[in-house]
Every structure is written in structure tokens, then in C-alpha cells.
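Here the structure comes first, spelled out in C-alpha cells, and everything after it is commentary.
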Amino acid sequence: MSTIVETHDDHGHHGPAKGLTRWLYTTNHKDIGTLYLWFSFLMLFIGGAMAMVIRAELFEPGLQIVQPEFFNQMTTNHGLIMVFGVIMPAFVGLANWMIPMQIGAPDMALPRLNNLSFWLLPMAFGILISTLFMPAGGPNFGWTFYAPLSTTYAPDTVTFFIFSVHVMGASSILGSINIITTILNMRAPGMTLMKMPLFVWSWLITAYLLIAVMPVLAGTVTMMLMDIHFGTSFFDAAGGGDPVLFQHIFWFFGHPEVYIMILPAFGIVSHIIETFSRKPIFGYSSMVYALTSIAVLSFVVWAHHMFTVGMPLAGELFFMYSTMLIAIPTGVKVFNWVATMFRGSISFETPMLFAIAFVSLFTIGGFSGLMLAIVPADFQYHDTYFVVAHFHYVLVPGSLFGIIAGVYYWLPKWTGNMYDETLGKLHFWLSFFSVNLTFFPMHFVGLAGMPRRYPDYALQFADFNAIVSVGAFIFGFTQLLLLFIVIKSIRTGKKASDEVWEDTKDWGLEWTLDSPPPYHSFTVQPEVK
Amino acid sequence: MKSISRVTRKFIYALLFLAPTSVFSEASDYNMPVGVTEVSKEIFDLHMLIMWICVWIGVVVFGIMFYSLFKYRKSTGAKASKIDDHFWLEITWTVAATLILVGMAIPSTTVMIKAYDDREGDINIMVTGYQWKWQYKYLEDDISFFSNLSTSQEQIDNDIPKGEFYLSEVDEPLVIPINKRIRFLITGNDVIHSWWVPDFAVKQDAVPGFINTAWTNVPKPGIYRGACTELCGIKHAFMPVVVRAVEQEEYDAWVVEKIALAEAERLLNEKVWTKAELVERGEGVYLKNCVACHQTNGQGLPPVFPALVGSEIVMRDKTRNIEILMEGVRGAAMQSFANQLSEVDMASVITYTRQSWSNGKNGDGEIIIPQEIVDYKNKVDL
């Protein structure tokens, strides 16, 4: 063992290999983080292009651009790609970059596993997207793929879809194992659990959620596979199975999954708000307890996605109450962010703007979530655009803005170059305006009665749909600006200082490293007091 | 220009809607419908109550946030305090949030218990979701029929102007009497559908193999329009729900008429049919049930929906042709029409496809009479 270490030391601080193999064989947390982030960015444009097709078709009543069959493939793949291909990989990318740097470690605990968990992803999405070009067409049963539409009545390509979900799940589980191992074993001396940065905390909890529910998803799709090819009847009533069982299992995975897609963003904005308010996060321990409570509660609320499926009264009421409970820890987090800003010394750089938008717009999504929890009212909201408005508010100005805020916040640290602040602000204001133009009117279309997943609609919904489509096009094209800003910063950005922002040394170990940081982040563990 | 200003006006209304004003507390095109039943009205009130509570919480929280953002700007020389915790403040807002939620849970529970009631109705109607139509079966009166979208394909394809009830009109609506307790027994035939009438606040999934219940009691005659709200395949957006609520006398007359019509339909099986009669009737059946996939010109939309023109089965293989319509094709989009079409309609639509386009010229030209379908059914039953 010791000889290996000595040989290694002879190389000193060696840099990355050159060429394509650097990326194929890399076991470096920063390189893998970069791969995750670029992959997620690419998927954002693919999934976004699908959203553009959807909004172009819905611009006015009637069928103009695509037929319902292709429309359903677009809604399904848009959902799958945005959830599994954009939000989750982006968070894993940020975790890869930031966790070792925030806990004072040289790298992730399991570097080869790290390489594998990334490279599984392009395989999974390659398979998924290739189905769109097959004669039977891609998955067309919605990202929630309810049986029996996704089994007995599915196109033949569903088997590719199942395989692809298995591979995605494997990638997530491996990634989570790595993250948990790293956090529990590689923290700098003195960094107790209750001194960990909140982003690390949020990822520790997220990783446990992933390990708990990804196997459930794998089980679900395996049961589908058996129903389709091996004559079982898990979800087929004609054979003694139960289509509703599918929904219970799916949402037992699906609801924790929803929090998997938001908890790391909570961590990111907590850091950003304290940095730009120049004031430590208010109620650190209550923030940690809130994260934990949200995670625990996420396992007992799943059937609030199924209020109209025909549950007993006691079931309806239980899931209503448990869902309402989640508003408490979530509310506590929002109050703490506001209290952090209160009596701070606030400046408005791009990451802060996105973080403020996150707090306000995510909260709007939280309010509509609370409304959806009210069972009798949900009979009217369920499966309408009100739901679409709700989850896009928590996922776009919620999760996605959280990710974008994190990218602006840490990009100068990663590359050593500042981004263009003017362009950053322009990107923010365009995004902020268009995200609301897109998703706010959806509340009204939904309340007025337009169901989701409709390629065509009655005439009374026409005006709002036109507005929504215009908003969506602006939002979609605005994200090209982000691509430009990132490339410009990498190539020609002004040199960033090691602290990047003002006095950030107080806010985390990552700011004590050079900008850009050395290839192996902390070769000597720092001491945390 | 007129339409643009209308759009703008609606948008401004929409923005005002969430502002703390009571202008929009009542019925509006951009809000949940108040509906006509007791339950739907209570649900509307509950929705408004919860929404206003959320709005006021939002006003307070965002108020403090924007005040802080404005007051403590670094550019005005604000110095950051170092306070990073306050035990009692944390306790206070946790308790406050809990109390507000309890305040929301109490009325919600009351309304829920009222809405949830699966006792027998005065009239019990079985609602079955099919890809992509609804079947209504009156359990007491032996009436059963399908309700199909009646908006023409030309309107959907933008070839002709769209009518007032574009995509929310059907050939035969569900008819119910007013002031009666109606219980719906809801199920699905193939995939999961969901039966929704906003004005009754009734939305219930139609799950194959399970029977869900819902109920309503409509006090006012009228036509109430709804939709399928669970993704059920290609024509998910094209299977609306329309309910016509009428006075009791009108309902009774309708029942008598429906029963008489059904009897007349049964007698048609014994009639001697000519080819021309079958083809004429079959065209109507085809336009109602088949065009969506196989298209008016019989060319289908390959590869998902095969062409009927030039098909060996449609031209020459009579037995298989009947079998496909009766049983459907497993694993493909073709469903069984055995329960959807009467023997006469089944015989005439098969005859129509065998005689139409170039099939009549190129195929064996045989017709199918209702008795053959009856025979098929008897044979399968054995």
C-alpha cells in the first residue's frame, strides 16, 4: 500500500490526461462533475426542444404541427428527460464538484464508481431517445407511465424504455453510494455533522432518498417487463392483477423523487443567500431538521397523487393531513431564508437574483401544492393544467433556477474566470419574466378546466394557451444565452480572485482553494474549528 | 387588434386574480367553476378560502422579504448583523404554521366527508371508459349507449371553422333527471380513463377491473360539459363528457323512447338486408367509429393503423374479418367492438369496408348479414 502512495507522490500535482481519454477514463471528481453538468445542459436543450414542439402545437386550437401520437411522445420524453436527464444529473454534477471541496477532501471516496455512474447515463438516454426514431415510436404513455397504458397498450419500444430506466436507476444508486461514503468518511478533521455546509447536508439526505426509492422504481419497471413479455399479471385486472397497484408503487418512488429534485437546490440557495446577505444562514440547525423532516415525510404522502383513483375515505384524509404537514418544514426553510436576508447587507449579483427568484417562485409552487393537498378541491384540480403549473413552478423557477444560481455562484471558482455580470443579469431578467409568463397563466387554464396531456383543446382556453406558448418560446431561447455566457466566461472571462465574492472565506472551505482549484482539491486536509 | 386587446385584458384580470382584492372571489372564466350542485359550491368556497389564506401568507412573507431586500441593501451602506439563530422565533413560526394548517384541515375534512358518499342512488348509472368514448348503462332501465365526440375531423384539422362547442360536444349525451340522487359506477374497459364534470365537482378514475363510485344531485336543468382527465392514449383529448340534466317528465319520456328504439334495433336482425342498405348503414357506422384511425379514405395511418384498402383480410377473408372486429387485435391499437356495435351495425360496417374504395372491385364482394354476427357470438359463447 505504502509503495503505491509513494509512487503517486513522485508525480506531485499532476494534471489531467490529454484528449478524449481524459473524459472517458477520468476518475477525477471535477472532470466527472463537468461531464455531468455538460450532459445535463445538452439534455436541457433536447428536453426543451420537445417542450417547444408541445407549445407550438398548443399555440392555438386544432392540430397544426404534430399528430396526437407524436404529441404524446413529446410530453412523455420531455418529462423523462427533464427529470432524469437534466435536474438529477445537474445536481450530481454540482455534488461531484462541490462536496469534496466543501468538506476538505481530495476527491470522491469511490472514483472508479464515479466514472461508471456517469457513463451509464449517456447509454440510458441514448437508448431512450433512439426509440423516437423506431417505427413504433417512443414511449407515449406519460412520464408517469401508468399501466395498463404502458404495458398491454404500449408501443413495442416500451422494452427499451424499461431498460433505459434500469440503467438510469443504476447510475443514481451508484452515485448516491459514492456521495454518502464520501460525506461520512472524508470530512476534514473538526467538521462534525452539524458543521457541514447545508449543500452537503441536503445531498446526504438526497442520496439516502435515492438509495431508498430507486430500487422501487426498478421493481416497478421489472414488473411491467414481466407483464409484457413473461405472461404475469401484476397490473392486468383480467389476470387478477391491479392497475392501481402500479400507481401506489410508482408514487412511493415518485414522491421522494420530487424531493430528490428540490433538496439540493435548498442547499445551494442557502449558501448563496448567506454570501450575498453577508450574514450567516439563520437557524442552521432548524434548516437541517427541516430537510430531514421533509425527507421522512416524503415516504408517507405518495397517494396524494392519486386522490381520484378511488381510495377509502380514511385513506384520502390520511394522505391529505400528511401532505399538509410537509408545509411546516418547508415553511420553516422559507422563513429562515427571509430571516437571513433581514438585517443583512445585501447585494444583487446574478446568483443572488436567481436565489431570490427561487425563494419567491418556489413558494408560489408550495402554495399551489398546499391547495392540491386539499382532497375535495383536488377533485377539481387533479390532472388539469393547475397541476402542470404547480410542478413547473417548483421544478423550473425552483430546481432549475437553483441549479443555475449554483452555476453562476461557483463557475468563477471552477474556471478561474468571472462570467459577464451584465449578460448574467440580462439572462436572469429574461428568464424571470418568461418563466412567469409561461407558467402563471397555466393556473387559470387549469382552474377553468383544461386537462393536462391534451394535444388539442376547447376554444375557451385559446387566449391563455397563446400567452403560455409565447412565454415558453422566450424562456427556451433565453437559455441559449446561458450557454453563451458560460462559454464566454471559460474562454475570455476576467480572472476571478480565490475568494471570488466578498469575504467568502467565512462561508466555506471551497473558497480557501485557488481559482481554479488544484486537480486534487485538498491534498492536505484543512482543520475546521 | 380586437382579439389582442381581449387577450391583454384577460391577462391583466388574471394577474389581478392573485392580488389581495375580492373582485374575483366570485364566478369567473379564469377560476374554478362554482358549479351547480351543493358539493361543487362547497368545494368552490373551500378553494377560495385556501387560496386567500395562501395569498395572505404570501403577502406577509414576501412583504418582509422585499422590505429586507430594499432596506438592507449594501449599496446604501447597510451593515450585516451577526445574529444567526433565535430559538423562540423558530418555535413561534413553526407553531403558527401548524395552527394555520389545522384551520385549513377542519373545513376540508367536513367537505370531504360530505362529498364522499357511496350509498345507492335513486338512479344508478354505470359509466365505462373506452378508448376513446364513454358508455352509459342505466342499471334500472336496461338502457345502454355510447357517447362519442361529435366534432368533425375537418374542424380538428382546421379545414373548416370550429364550432362553439369544439371538442366538448358528443353525439349522445348522458341524460339525467334533476333533483334526484344519481350514483355513478365508474370503470374502464381497456386503460385507465377519468370521468370529470366540473360543474358537479365529480372526477373519478375509470380503472379496468375496478368499480369506483361517485354521486351527484343536480338542481338545475342544463347541459354540463366535462372531459377525460387521465391520459388514455392517442385520442385522450377527444372523448368529452356531456351531461344533459332535464325535468323528471322529460326524463321519463326519454326513457320510454330509448327502450322503444332498442327494441326496434333488435328487430333489425331479422330483417332481410340488401347490399345497398348494408353499405349505406355501414358508412354511418364507419364514420362514427373507424375514421379516427383508418381514415375516411380507408388508407389508415401506417404503421400504427393499417390501411383497409387492398387488405387481404378485408377483400377475401370474411371469417378473420369478423373475428378482428369482434375480438380486437391484442398488442395493437385495434380494440374489440363486440360490446360497442349492435349485430346490424357490425355486419353493415364490415360490408361497407368490403365494398368501398377499390375493395369491392378487387375483392370477393361478399356481404355480411346480421345473422352471421349472431352466429359468431353463439359459437364463441360455447
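The values are calculated or read from the model by the stated rules, or taken from the named source; none is laboratory data. Source: prediction; values computed, not measured. Methodologically, a virtual Cβ is constructed for each residue, glycine included, from the backbone with ideal geometry; neighbour enumeration extends over all protein chains shown. Accessible surface is based on the protein model in full, side chains and every heavy atom, while ligands, DNA and RNA are left aside. Shrake-Rupley method; radii C 1.70, N 1.55, O 1.52, S 1.80 Å.
Computed values, structure above
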read-out	value
Stretchable slack from B:Ser75 to B:Glu140, in nm (0.36 nm times residue separation minus alpha-carbon distance)	15.7 nm
Under-5 Å amide H pairs with B:Trp134, H placed in peptide plane, nonlocal only	B:Ser147
Helical contribution to [θ] at 222 nm, DSSP H n ≥ 4, -39,500 (n - 2.57), averaged over chain B, rounded to 500	-14000 deg cm²/dmol
Cα long-axis angle, helix B:275-289 against chain B (0 to 90 degrees, to the nearest 10)	10 degrees
³J(HN,Hα), Karplus 6.51/-1.76/1.60, whole Hz, each residue of region A:315-330, x for Gly, Pro	x, 4, 5, 4, 6, 5, 5, 5, 5, 4, 4, 4, 4, 5, x, 5
Cα centroid of region A:247-271 to Cα centroid of region B:352-382, whole Å	56 Å
All Cα pairs of region A:191-260, percent lying beyond 19 Å	48 percent
Accessible surface of region A:357-448 [probe 1.4 Å, protein heavy atoms]: carbon and sulfur percent	80 percent
Inverse mean reciprocal Cα-Cα distance (Kirkwood Rh) of region B:27-132, Å	18.8 Å
Antiparallel bridges, percent of DSSP beta bridges restricted to the protein assembly as shown (to nearest 5)	70 percent
Angle in degrees between helix A:350-373 and the longest Cα principal axis of chain A, rounded to the nearest 10	30 degrees
Pair A:Glu527, B:Gln153: separation of 7 Å Cα→Cβ label points (nm)	8.1 nm
Buried accessible area, chains B and A (both chains, 1.4 Å probe, Å² to nearest 100)	8200 Å²
Solvent-accessible area per residue for region B:271-380 (1.4 angstrom probe, square angstrom)	48 Å²
Student exercise, region B:38-155 dipole from Lys, Arg, Asp, Glu Cβ charges, in Debye to nearest 20	1260 debye
Label zone at A:Leu24, where the point sits 7 Å out along the Cα-to-Cβ direction: region A:110-140 residues whose backbone N lies under 15 Å	A:116, A:119-120, A:123
As computed over region B:271-380, the Cα convex hull volume per residue (Å³)	94 Å³
Selected from B:Val102, B:Val241, B:Val175 as most flexible by GNM, with chain B as the system and alpha-carbon contacts under 10 Å	B:Val102
Residues of type lysines that A:Lys505 reaches as a straight line, Cα spacing below 22 Å, ignoring anything fewer than 8 places off in the same chain	A:Lys30, A:Lys195, A:Lys279, A:Lys413, A:Lys494, A:Lys495, A:Lys529, B:Lys74, B:Lys79, B:Lys82
Whole-angstrom Cα spans of the protein assembly as shown along principal axes, big to small	98, 61, 54
Residues of region A:212-337: accessible area per residue with a 1.4 Å probe, Å²	27 Å²
Chain B: antiparallel DSSP beta bridges as a percent of all, rounded to 5	70 percent
Exposed trypsin sites (Lys or Arg not before Pro) absent: longest stretch of chain B, with sites in DSSP loops and at most 12 other Cβ within 10 Å deemed exposed	B:120-270
Interface residues in region A:447-469 - accessible area drops by 40 Å² or more relative to the isolated chain, probe 1.4 Å	A:Leu447, A:Arg453, A:Tyr454, A:Asp456, A:Leu459, A:Asp463, A:Phe464, A:Ile467
Region A:437-512: trypsin sites (Lys or Arg not before Pro) in DSSP loop, at most 15 other beta carbons within 10 Å	A:Lys494
Computed label-point distance, nm, for sites B:Asp84 and B:Ile160 using a 7 Å Cα→Cβ extension	7.3 nm
1.4 Å probe accessible area per residue over region B:123-265, in Å²	34 Å²
Size of electric dipole in the protein assembly as shown: Cβ of Lys, Arg +1 and of Asp, Glu -1, about Cα centre, debye, nearest 20	3180 debye
Cut-off under 5 Å, modelled amide H: who pairs with B:Val202 long-range	B:Val197
For A:Phe235, solvent-accessible area (1.4 Å; no DNA, RNA or ligand), Å²	0 Å²
Whole-Å distance, taken between Cα centres, linking region A:360-425 and region A:109-184	24 Å
Exercise: per-residue mean of other protein chain Cβ atoms within 10 Å, B:104-111	5
Relative packing of A:372-382, A:131-141, which averages over residues the other C-beta atoms within 10 Å, highest first	A:372-382, A:131-141
Residue-averaged beta-carbon neighbours from other chains (10 angstrom radius) around A:279-285	5
Those lysines that a straight Cα-Cα span of less than 28 Å connects to B:Lys361, excepting residues fewer than 8 apart in one chain	B:Lys271, B:Lys275, B:Lys288, B:Lys318
Expected-Rg normalisation [2.2 N^0.38 Å, Cα atoms] applied to region B:123-265	1.03
Chain B: projected area of the alpha-carbon convex hull, averaged over directions, in nm²	28.9 nm²
Rounded to 10°, Cα long-axis angle of helix A:421-447 versus longest principal axis of chain A	20 degrees
Exercise: per-residue mean of other protein chain Cβ atoms within 10 Å, B:201-212	6
More than 35 angstrom apart: percent of Cα pairs within chain A	34 percent
Under Karplus coefficients 6.51, -1.76 and 1.60, residue-wise ³J(HN,Hα) of region B:239-244 in Hz, glycine/proline x	9, x, 10, 10, 10, 10
Cβ-based charge dipole, chain B, positive-most Cα from B:Leu174, B:Val102, B:Pro306	B:Val102
Spatially proximal aspartates and glutamates relative to A:Lys333 (Cα-Cα < 15 Å; intrachain offsets below 8 disregarded)	A:Glu274, B:Asp84, B:Asp85, B:Glu90
Helix-derived mean residue ellipticity, 222 nm - over chain A, DSSP H n ≥ 4, -39500 (n - 2.57), to 500	-22000 deg cm²/dmol
Computed lengthening from B:Ala96 to B:Gln371, 0.36 nm per intervening residue step minus Cα-Cα distance	91.6 nm
Carbon plus sulfur fraction of accessible area for region B:123-265, probe 1.4 Å, in percent	53 percent
Chain-alone versus full-assembly comparison, region A:290-330, residues with accessible loss of at least 20 Å² (1.4 Å probe)	A:Thr308, A:Val309, A:Gly310, A:Leu313, A:Leu317, A:Met320, A:Tyr321, A:Met324, A:Ile328
Average projection area in nm² (convex hull over Cα atoms of region A:89-233, one quarter of hull surface)	9.5 nm²
Placed amide H near B:Val175: partners under 5 Å, 5+ positions off or other chain	B:Arg244
Spin-label model distance (nm) - B:Lys275 vs A:Phe299, 7 Å beyond Cα toward Cβ	7.2 nm
